[in-house]
Amino acid sequence: MLNKLYDWVDERLDITPIWRDIADHEVPEHVNPAHHFSAFVYCFGGLTFFITVIQILSGMFLTMYYVPDVENAWKSVYYLQNEVAFGEIVRGMHHWGASLVIVMMFLHTLRVFFTGSYKKPRELNWIVGVLIFCVMLGLGFTGYLLPWDMKALFATKVGLEIAGSVPFIGELIKILLAGDATIIGAQTLTRFFAIHVFFLPAALFALLAVHFIMIRRQGISGPL
Amino acid sequence: MHRGKGMKFVGDSRVKASNRMPNKPKDYSEYPGKTEAFWPDFLLKEWMVGSVFLIGYLILTVAHPSPLERPADPTDTGYIPLPDWYFLFLYQLLKYSFASGDYNVIGAIVMPGLAVAALLLMPWLDKGPERRPSKRPIPTAIMLLVVASMFYLTWESVVNHDWEASKAQGQITPKDLGLVPDIEIDENSEGYQIFQSQQTCVACHGGDLTGVGSNPMLLGNELTAEEVEEVIRNGRGAMPGGQFSGTDEELKTLAEFIASLKEE
């Protein structure tokens, strides 16, 4: 039954090469921790992606309860944390995942740097990787405000002041992010929510896709 | 397929090997024996690594519930801000005199900006074909120095932060949860008048006696009049003593008033 269904689709779209490409590609010895334990450094990128998937899933569940509004944001997080079944776990995974993803991405960056893997012909993938790093930091910064508690508000205040100190365009960036030149309030919260949930994830998905396609096109870098 | 000693690898979408592309792994068939297919052999190993990682992750999540401070209150100007831990090194950088005040733009924009730009342009700053860290000492040394400074700045930031005050200033109070006890305050009583006339009382405990910020609410307290008097004279916890500026008689009246703020 499943085979027939597969054949039916394959006959029309020729999907075999697409998934064989993912399934069949061979993994060389020098990146395989089963052969050289020190090859665990090649796991950091995969673990970063693993946490990213968890962040997406836990984030989707968080939005079922979270309300991006100054009156109710904190209340909804408090409710989620203390009343909702497993709410503490879902929020906990999103909270700790946000830190772990930075750690893993940092280690992945160091691995790529110290193995010289960014060199020709992988310059473009390195650039995409650095952009992913920036997007992740942006996700961390915007997500920090969303619980709308004291540390969120005041950390964001400092962050926006730093954005405002950029020469020439600082004030514009600040107003774009905060929704107002002086107030950090309802506008700021909804903007940070939109950036955290729509804009940056969209950028992240595009960059990740490019990152992975380039790995498949170039193969993993050879042994040192 | 065009490569692989006549072996057929269906799934190899890599750019065709040519002399124009260095630093490219050999053809898969050149690795004898130890190369393995992604599916299912290597994926299984990745899943094992992922599972071990997930266990640690879940233990962390269960052992340390994610923090939540009291609701944002923009009027509380005394709050000491703190960013998330991975921005602490930047936060610390802004405390040094060469990167703060008039030079704030150096610490806030120029230095991080240069770092990100250098990272982006790395493939062109370090163009040599050598990949081993020991064969390219300058990039290696610079990166090690940067990482060491990030660790050092984060450490400095952590040891110089008053974590106890930080914890106290964010505490969720009953007022935040809408748990203000239903107690009627006699606004004509002498005790209430004395309370309102004392700046220091109102500043911390609020004109409505529900407490300001993390300072305690007086409504529904569990103290006797003598104990209240004792606290006002000598202080307790974060509250300093000797703040009351009236007579002993007034202090007694005030203490009795506060002690009377109990639920029926």
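So how many residues does the range B:131-153 have that are closer than 18 Å to B:ALA115 by Cα and open to solvent by 40 Å² or more (accessible area, probe 1.4 Å)? Talk me through it step by step, then tell me what you get.
Keep residues of the range B:131-153 that are closer than 18 Å to B:ALA115 by Cα, which gives B:138-153.
Next, from what is left, pick out any that are open to solvent by 40 Å² or more (accessible area, probe 1.4 Å): B:138, B:141-142, B:144-146, B:148-152.
Final tally of qualifying residues: 11.
Which of the following residues is within 11 Å of chain B (Cβ to nearest Cβ), buried (at least 17 other Cβ atoms within 10 Å of the Cβ) and among the aliphatic types (A, V, I, L, M): A:LEU200, A:LEU145, A:LEU177? Give the steps one after another, and end with the answer.
Details: A:LEU200 fails: within 11 Å of chain B (Cβ to nearest Cβ); A:LEU177 fails: within 11 Å of chain B (Cβ to nearest Cβ).
Step by step, each of A:LEU200, A:LEU145, A:LEU177 is checked, and only A:LEU145 is within 11 Å of chain B (Cβ to nearest Cβ), buried (at least 17 other Cβ atoms within 10 Å of the Cβ) and among the aliphatic types (A, V, I, L, M).
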Exercise. If you scan the range A:25-48, which residues turn out to be over 24 Å from A:MET214 (Cβ atoms) and more than 9 Å from every other protein chain (Cβ to nearest Cβ)?
Worked result: A:HIS36, A:PHE37, A:SER38
Exercise. Over 30 Å from A:TYR118 (Cα atoms), within 10 Å of another protein chain (Cβ to nearest Cβ) and at pLDDT below 95: does that describe B:GLY78?
Worked result: no
Exercise. How many of the residues in the range A:209-223 are facing chain B (nearest Cβ under 7 Å) and assigned to a helix (DSSP H, G or I)?
Worked result: 3
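Listed here are the residues, each with its yes/no results for (1) within 23 Å of A:ALA186 (Cα to Cα); (2) open to solvent by less than 20 Å² (accessible area, probe 1.4 Å); (3) more than 10 Å from chain B (Cβ to nearest Cβ); (4) part of a helix (DSSP H, G or I).
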{"site": "A:ARG20", "(1), (2), (3), (4)": "no, no, no, yes"}
{"site": "A:ALA23", "(1), (2), (3), (4)": "no, yes, no, yes"}
{"site": "A:PHE50", "(1), (2), (3), (4)": "no, no, no, yes"}
{"site": "A:LEU57", "(1), (2), (3), (4)": "no, no, yes, yes"}
{"site": "A:TYR78", "(1), (2), (3), (4)": "yes, no, no, yes"}
{"site": "A:VAL84", "(1), (2), (3), (4)": "no, no, yes, no"}
{"site": "A:MET93", "(1), (2), (3), (4)": "no, no, no, yes"}
{"site": "A:ALA98", "(1), (2), (3), (4)": "no, no, no, yes"}
{"site": "A:ARG111", "(1), (2), (3), (4)": "no, no, yes, yes"}
For this session: Output the residues belonging to the range B:231-261 that are in a loop (DSSP other than H, G, I, E, B) and open to solvent by 70 Å² or more (accessible area, probe 1.4 Å).
Result: B:GLY237, B:ALA238, B:GLN243, B:SER245, B:THR247, B:SER260
For this session: Determine whether B:GLY178 is modelled with pLDDT under 90 and within 14 Å of chain A (Cβ to nearest Cβ).
Result: yes
Exercise. Of (1) within 30 Å of A:ASP69 (Cβ to Cβ); (2) within 8 Å of chain B (Cβ to nearest Cβ); (3) assigned to a helix (DSSP H, G or I), A:VAL166 satisfies all except one. Which?
Worked result: (3)
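Do you know which of the residues in the range B:205-230 that are hydrophobic (A, V, I, L, M, F, W, C) and surrounded by 18 or more Cβ atoms within 10 Å (Cβ to Cβ) is nearest to B:LEU251 (Cα to Cα)? Even if it seems obvious, please write down each step before you answer.
Within the range B:205-230, the subset hydrophobic (A, V, I, L, M, F, W, C) is B:209, B:212, B:217-219, B:223, B:225, B:228.
Still in the list and also surrounded by 18 or more Cβ atoms within 10 Å (Cβ to Cβ): B:209, B:212, B:217-219, B:228.
Values: B:LEU209: 17, B:VAL212: 22, B:MET217: 19, B:LEU218: 16, B:LEU219: 18, B:VAL228: 9 Å.
Taking the candidates together, the pick is B:VAL228.
Report, by residue number, each residue of the range A:1-18 that is open to solvent by 60 Å² or more (accessible area, probe 1.4 Å), of a type outside the set (A, V, I, L, M) and within 14 Å of chain B (Cβ to nearest Cβ). Lay out the reasoning, then the answer.
Step one: of the range A:1-18, the residues open to solvent by 60 Å² or more (accessible area, probe 1.4 Å) are A:1-8, A:11-14, A:17-18.
After this cut, where a residue has to be of a type outside the set (A, V, I, L, M) as well, the list is A:3-4, A:6-8, A:11-12, A:14, A:17.
Those that are open to solvent by 60 Å² or more (accessible area, probe 1.4 Å), of a type outside the set (A, V, I, L, M) and within 14 Å of chain B (Cβ to nearest Cβ): A:ASP14, A:PRO17.
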For this session: Taking B:THR200 as the residue in question, decide whether it is among the hydroxyl-bearing types (Ser, Thr, Tyr), within 37 Å of the chain's Cα centre (by Cα), in a helix (DSSP H, G or I) and under 23 Å from B:ASN188 (Cβ atoms).
Result: yes
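Would you check which residues across the range B:213-264 are of a type in the set (Val, Ile, Thr) and touching a helix residue (DSSP H, G or I) at 6+ places or on another chain (Cβ under 6 Å) and list them? Walk me through how you get there before you give the answer.
Filtering the range B:213-264 for residues of a type in the set (Val, Ile, Thr) gives B:224, B:228, B:231-232, B:247, B:253, B:258.
Hits for the range B:213-264 are B:THR224, B:VAL228, B:THR253, B:ILE258.
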Seminar exercise, completed: Of the conditions (1) without any contact (Cβ under 8 Å) to a residue 24 or more places away in the chain; (2) of a type in the set (Asp, Glu); (3) under 28 Å from A:VAL135 (Cα atoms), the single one that B:GLU164 does not satisfy is (3)
Exercise. Hey, does the range B:143-154 have a residue that's over 18 Å from A:TRP126 (Cβ atoms), assigned to a helix (DSSP H, G or I), in contact (Cβ under 8 Å) with a residue 24 or more places away in the chain and facing chain A (nearest Cβ under 10 Å)?
Worked result: yes
For this session: Test B:MET122 against the stated conditions and say whether it is within 20 Å of A:PHE133 (Cα to Cα), open to solvent by 50 Å² or more (accessible area, probe 1.4 Å), within 13 Å of another protein chain (Cβ to nearest Cβ) and without any contact (Cβ under 8 Å) to a residue 40 or more places away in the chain.
Result: no
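Does A:PHE61 count as out of contact with any helix residue (DSSP H, G or I) (no Cβ under 7 Å at 6 or more places or on another chain), in a helix (DSSP H, G or I) and open to solvent by 20 Å² or more (accessible area, probe 1.4 Å)? Lay out the reasoning, then the answer.
Details: out of contact with any helix residue (DSSP H, G or I) (no Cβ under 7 Å at 6 or more places or on another chain): no; in a helix (DSSP H, G or I): yes; open to solvent by 20 Å² or more (accessible area, probe 1.4 Å): yes.
Answer is no for this residue.
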For this session: Scan A:ILE102, A:ILE127, A:ILE132 and give me the residue that is within 10 Å of chain B (Cβ to nearest Cβ), in a helix (DSSP H, G or I), closer than 21 Å to A:TYR42 by Cβ and touching a residue at least 12 places away in the same chain (Cβ under 8 Å).
Result: A:ILE102
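The values are calculated or read from the model by the stated rules, or taken from the named source; none is laboratory data. Note that this is a predicted model, so its numbers are computed, not measured. Neighbour counts run over all protein chains shown; Cβ positions are idealised from the backbone, glycine included. We work out accessible area using only protein heavy atoms, side chains counted, and drop any ligands, DNA or RNA first. Shrake-Rupley method; radii C 1.70, N 1.55, O 1.52, S 1.80 Å.
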